[in-house]
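Single-structure report; data block below.
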Amino acid sequence: MRVISGTAKSIQLVTPEGNKTRPTTDRIKETLFNMINFDLPGATFLDLFSGSGAMGIEALSRGAKKVVFIDNHHEALACIQQNLNKTKLFDKATVVQGDVVNKLQYLGDQGENFDIIFMDPPYKSDLIDQSLSLIRDNHLLNDQGFIIVEHSSEDFISEEGFNIYKEKKYKTTTMTFLSQEEVR
């Protein structure tokens with residue numbers, strides 16, 4: 001796995017060993033970042049269930065102002081730190097260890113909000129809906145911001161409080177883009 005574009009282009013990233021994480025393929029990552037490339041410069045980016053940190057690091061490499069990484073696995077956090085050091089992007093990053101559900105509440109309590117939120121939770125879990133509810137209830141998404149959920153094509157997303165405005169389907173993976181519902 002590597003950084004595809006930007007200031008850290010072509011730098012090889014380390015990934016956690018074993019099957020606790022499921023890295024996004026370079027092909028899917030490249031397609032996704034080409035779709036959001038113009039939204040990245042100066043953006044604040046939240047990378048949930050970060051794994052190796054490849055998605056947030058790609059965002060930083062392409063001009064994001066700040067990325068917050070959240071994961072609860074020690075091996076993943078060590079990889080994120082190592083990858084941030086390799087790419088020299090550590091000064092724009094905050095790495096948070098802990099359960100995403102608890103940390104979303106914490107970020108809300110701190111008054112944080114983001115332009116882009118990316119999440120890639122374990123497939124076939126209820127973490128997508130839990131996370132979306134916490135993002136909504138804690139006002140973590142800026143008014144013009146959007147959420148990208150990488151999930152199993154078999155998973156259903158309950159988008160209460162959000163609108164699905166785009167989906168990109170691959171064989172077993174779907175990228176769902178959500179924006180906030182307009183308050184009437």
At 25 °C and 0.890 mPa s, the Stokes-Einstein diffusion coefficient in µm²/s for the chain, with hydrodynamic radius from the Kirkwood sum on alpha carbon pairs, is 151 µm²/s
Can you tally the net charge around Ile116? Count Lys and Arg as +1, Asp and Glu as -1, for every other residue whose Cβ sits under 10 Å from the Cβ of Ile116.
-3
Contact order normalised by residue count of the chain, Cα under 8 Å, 6+ apart, percent:
17 percent
Sparse-neighbourhood loop hits (GluC sites (Glu not before Pro), region 85-184; DSSP loop; Cβ within 10 Å at most 13 others) -> Glu154, Glu160, Glu181, Glu182
Over the Cα atoms of region 1-106, Rg to Rh with Kirkwood Rh, two decimal places?
0.93
Could you tell me the center-to-center distance, by alpha carbons, between region 83-150 and region 1-80 in angstrom?
13 Å
Taking H placed 1.01 Å from N in the peptide plane, check which residues at least 5 places from Val95 or on another chain put their amide H under 5 Å from its amide H.
Phe69
Treating the beta-carbon of each Lys and Arg as +1 and of each Asp and Glu as -1, no other charges, what is the dipole magnitude of the chain about its Cα centre, to the nearest 20 debye?
860 debye
With the full set of protein chains in place, find how many percent of the accessible area of the chain is carbon and sulfur; take the probe as 1.4 Å.
46 percent
Past 27 Å, Cα to Cα: identify those pairs from Lys124/Lys171; Lys124/Lys169; Lys9/Lys92; Lys92/Lys124; Lys66/Lys86, in the order given.
Lys92/Lys124
Given the DSSP H assignment, sum -39500 (n - 2.57) over each helix run of at least 4 residues in the chain and divide by its residue total; what's the result at 222 nm in deg cm²/dmol, nearest 500?
-9000 deg cm²/dmol
Per residue, how much accessible area does region 98-151 show when a 1.4 Å probe rolls over the protein heavy atoms, in square angstrom?
43 Å²
Of all the stretches in the chain, which is the longest one without any exposed loop site, taking chymotrypsin sites (Phe, Trp or Tyr not before Pro) in a DSSP loop (any state but H, G, I, E, B) with at most 15 other Cβ atoms within 10 Å?
1-155
Beyond 16 Å, what share of the Cα-Cα pairs of region 127-184 remains, rounded to the nearest whole percent?
39 percent
Give me the net charge of Ile4's neighbourhood, meaning all other residues with Cβ under 12 Å from the Cβ of Ile4; Lys, Arg count +1, Asp, Glu -1.
+2
Would you kindly derive the ³J(HN,Hα) couplings of region 28-34 from the backbone phi angles with the Karplus curve 6.51 cos²θ - 1.76 cosθ + 1.60 (θ = phi - 60°), listing them in order in whole Hz, with x for Gly and Pro?
5, 4, 5, 4, 4, 6, 5
Which ³J(HN,Hα) values in Hz, rounded to whole numbers, follow from the phi angles of region 163-179 under the Karplus curve 6.51 cos²θ - 1.76 cosθ + 1.60, where θ = phi - 60° and Gly and Pro get x?
10, 7, 10, 6, 9, 10, 9, 10, 4, 10, 10, 10, 9, 10, 9, 10, 10
What GluC sites (Glu not before Pro) does region 17-92 have in DSSP loop regions with at most 14 other beta carbons within 10 Å?
Glu17
Explain nothing, just compute: Karplus ³J(HN,Hα) = 6.51 cos²θ - 1.76 cosθ + 1.60, θ = phi - 60°, for every residue of region 117-133 in order, whole Hz, x for Gly and Pro.
10, 10, 9, 9, x, x, 4, 6, 10, 8, 6, 5, 5, 4, 5, 4, 4
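The values are calculated or read from the model by the stated rules, or taken from the named source; none is laboratory data. These numbers were taken from a predicted model, which means no experiment stands behind them. Positions of Cβ are generated from backbone atoms using ideal geometry, with glycine treated the same way; all protein chains shown enter the neighbour counts. Accessible surface is based on the protein model in full, side chains and every heavy atom, while ligands, DNA and RNA are left aside. Shrake-Rupley method; radii C 1.70, N 1.55, O 1.52, S 1.80 Å.
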